[in-house]
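Presented below is the structure to which this report refers.
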Amino acid sequence: MATRLADVHQAAPTPRLAAVAQQLPPLLQQGSTRVAAWVREIIHRVDPVKYQPEPSSQLALNEIGTVRLEAARPLVFDRYTENRQRGSFVPIDNLTLAAGMVERTARPAPVLRQNGGLTRAVTPTERRQRSGHGPAVVTSSSCAVLFALQRELFERGATTAILQVLPPPALLRDLLVNGLIVLAPPASPVDLHGVVWLEAVAEGTPKESAHGVLRELERCGVLWSRDWVSPGEGI
């Protein structure tokens, strides 16, 4: 089944999992797919004697619990009980942090307000739900293709930025964390923890080239296709 970002998984972590959750996002590997992911919540741990869930804010070595993860872009998966290959994953950060099993899709939690202010920062899931896309970098040597692509993305409500030159990696990461699709002249790809990096080649008219890029962005999961499932459908 296809799903959008926030999914609930069960994971048996190593001691680094809780620490990494507070720092840079590790990568979630599902089969051959790698994508940045965040630990949003440790829902509970499982008591090894009683086999009952109990509240916990962390998971120690070899403990088992239910963890809410959020991926940077949609994943195609099945529940582990239905398909072990497509229902399993591992969070990695140079080393394997845990072994996980997909339990179900989680609906994003509503943004609560307290004393007139937000209680938490805007998440990648919320940005994607609002804009209908995730972050990406698209380069092209053709200005006409870049402007045609910007127009097509604008018509779909996407948030883009055309740059004359790509900024240093740290600044580029800041732009992408905020959900932008960055359009720029050709440059050497930078390791951006699973963010899609495409080169738009001029084929036919600029509009035809832009449509080809849109199809590729949909295939990579950056853009939701027009007939993409809504949250909870098919689950």
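The values are calculated or read from the model by the stated rules, or taken from the named source; none is laboratory data. What you see is a predicted model; the values in this text were computed from it and never measured. A quick note on method: Cβ atoms are made from the backbone with ideal geometry, for glycine too, and the neighbour counts reach across all protein chains shown.
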Practice task
Kindly indicate which of GLY234, GLY179, GLY194 is closer than 20 Å to SER131 by Cβ and either among the charged types (D, E, K, R) or at pLDDT below 85 (or both).
Solution key: GLY194
Practice task
Take the range 191-204 and flag every residue that is in a loop (DSSP other than H, G, I, E, B) and either free of Cβ contacts under 8 Å to residues at least 40 places away in the same chain or buried (at least 19 other Cβ atoms within 10 Å of the Cβ) (or both).
Solution key: ASP191, GLY194, VAL195, ALA200, GLU203, GLY204
Practice task
Go through the range 66-98 and count every residue that is assigned to a loop (DSSP other than H, G, I, E, B) and under 28 Å from LEU176 (Cβ atoms).
Solution key: 7
Completion exercise
Here the residues within the range 69-90 that are in contact with an Asp or Glu (Cβ under 8 Å, 6 or more places away or on another chain) and surrounded by fewer than 18 Cβ atoms within 10 Å (Cβ to Cβ) are ARG79, ARG86
Exercise for the section: Considering (1) closer than 29 Å to GLU82 by Cα; (2) modelled with pLDDT of 75 or more; (3) crowded, with 18+ Cβ neighbours inside 10 Å, say which one CYS220 fails and leave the rest. Expected result: (3)
Practice task
Kindly indicate whether any position in the range 167-182 is touching a Cys at 6+ places or on another chain (Cβ under 9 Å) and in contact (Cβ under 8 Å) with a residue 40 or more places away in the chain.
Solution key: no
Completion exercise
Expected output for the range 54-72 (first residue in the same structural domain as VAL196 (by TED's automatic domain parsing), partner modelled with pLDDT under 85 and not small (Gly, Ala, Ser), Cβ below 7 Å, 6+ apart or cross-chain) is none
Fill in the blank from the handout: Residue hits (the range 139-173; within 18 Å of GLU216 (Cβ to Cβ) and assigned to a loop (DSSP other than H, G, I, E, B)) are SER140, SER141, SER142, ARG156, ALA158
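Residue-wise test of (1) more than 16 Å from GLU199 (Cβ to Cβ); (2) surrounded by fewer than 19 Cβ atoms within 10 Å (Cβ to Cβ); (3) of a type in the set (Gly, Ala, Ser); (4) modelled with pLDDT of 85 or more.
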{"position": "GLY116", "(1), (2), (3), (4)": "yes, yes, yes, no"}
{"position": "THR123", "(1), (2), (3), (4)": "yes, yes, no, no"}
{"position": "VAL137", "(1), (2), (3), (4)": "no, no, no, yes"}
{"position": "SER140", "(1), (2), (3), (4)": "no, no, yes, yes"}
{"position": "PHE147", "(1), (2), (3), (4)": "yes, yes, no, yes"}
{"position": "GLU155", "(1), (2), (3), (4)": "yes, yes, no, yes"}
{"position": "ALA161", "(1), (2), (3), (4)": "yes, yes, yes, yes"}
{"position": "LEU171", "(1), (2), (3), (4)": "yes, yes, no, yes"}
